[in-house]
């Protein structure tokens with residue numbers, strides 16, 4: 001099955017396949033899709049998220065070792081599959097030291113208390129557009 005999106009590695013592909021099964025995994029893990037700003041490549045991979053109203057909050061764990069989130073330093077279109085539905089809208093990075101970061105951090109920690117969150121790591125927030133589900 002080809003989606004036209006590149007997935008970084010076998011593990012990510014396996015998780016994306018598992019998300020299509022009725023496993024319950026889709027309540028905390030979603031499939032993020034976007035087009036890379038510089039290369040134009042279509043990228044898809046699994047991310048842990050928290051849904052808060054029309055916002056989807058994605059933690060960027062160990063951000064210094066990852067580059068994907070840098071596509072969202074300024075607003076950039078993204079989609080995420082949440083519970084079998086696609087939500088789309090502009091995604092942006094939320095930085096430590098801002099009120100929005102503190103709100104996102106509190107929501108994420110409450111939803112995922114067992115996962116360590118490092119205070120220097122940003123979040124990516126997708127503002128889902130009405131009717132995108």
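Of everything in the stretch 65-106 that's assigned to a helix (DSSP H, G or I) and touching a residue at least 24 places away in the same chain (Cβ under 8 Å), which residue is surrounded by the most Cβ atoms within 10 Å (Cβ to Cβ)? Once the filter is applied, the top-ranked residue is 72. Within the stretch 29-60, the set of residues being in contact with a helix residue (DSSP H, G or I) (Cβ under 7 Å, 6 or more places away or on another chain), surrounded by fewer than 19 Cβ atoms within 10 Å (Cβ to Cβ) and not in a strand (DSSP E or B) comprises 36, 37.
Here 110, 114 are screened, and the one residue that is farther than 21 Å from residue 64 by Cβ and at pLDDT 90 or above is 110. Of all residues in the stretch 109-125, those that are touching a helix residue (DSSP H, G or I) at 6+ places or on another chain (Cβ under 9 Å) and surrounded by 13 or more Cβ atoms within 10 Å (Cβ to Cβ) total 6.
The values are calculated or read from the model by the stated rules, or taken from the named source; none is laboratory data. Remember, predicted model here, so these are calculated numbers, not experimental data. All Cβ positions, even for glycine, are placed from backbone atoms using ideal geometry, and neighbour counts span all protein chains on display.
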